[in-house]
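To keep things clear, I will list the structure first and then write my remarks on it.
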Amino acid sequence: QVQLVESGGGLVQAGGSLRISCAASGRTFGRYAMGWFRQAPGKEREFVAAISWSGSSGGSTFYADSVKGRFTISGDNAKKTVTLQMNNLKPEDTAVYYCAADKRGHISSATMTWDYWGQGTQVTVSS
């Protein structure tokens, strides 16, 4: 079993930046993917960004269209950590951000395909 713990959530003004991180602990796995989802009140949980180390070319990153150019995901394969740098934040980015991991290194925008989930961290962007 793997446990995921997020940190770094908080309140920021529109146009500002915030950095959130996720650390995995427990049983390790050779190839995996880690990512971020978010869920705003009254909305479904949606894919934000992910990184996978299953490919031969190294880490591959993927982003939702709504955050491309503003958010950057990075990770440490050995330490099993992932960080989401969020720049030029908008009020619509306000949500609970959840860290997720896939033990087989597969990335999907569907929440049900991911194996492990963190408890979430609140990100609030004020106008």
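Computed from the coordinates by the stated procedures, all read-outs in this text should not be read as laboratory data. Nothing here was measured: the structure is a model prediction, and the numbers come from that model. Every residue, glycine among them, receives a Cβ derived from its backbone with ideal geometry; neighbour counts consider all protein chains shown.
Numbers for the structure displayed
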| quantity | calculated |
| --- | --- |
| Candidate lysines - alpha carbon under 28 Å from residue 43, same-chain residues fewer than 8 apart omitted | 68, 90, 103 |
| Neighbour cut-off at most 12 other Cβ (10 Å), DSSP loop, GluC sites (Glu not before Pro), the stretch 44-127 | 44 |
| Euclidean distance of C-alpha centroids, the stretch 1-23 and the stretch 67-127, integer Å | 8 Å |
| Length released on extending from residue 122 to residue 61, taking residue separation times 0.36 nm less the Cα-Cα span | 19.7 nm |
| HN-Hα J in Hz across the stretch 118-127 - Karplus 6.51, -1.76, 1.60, θ = phi - 60°, x for Gly and Pro | x, 7, x, 9, 7, 10, 10, 10, 8, 6 |
| Ratio Rg/Rh [Cα only; Rh per Kirkwood] for the chain | 0.95 |
| Label-zone membership for the stretch 81-109, site residue 7, 7 angstrom Cα→C-beta point, backbone N under 16 Å | 81-85, 99 |
| 14 Å tail of the calculated P(r), the stretch 49-109, as % of Cα pairs | 59 percent |
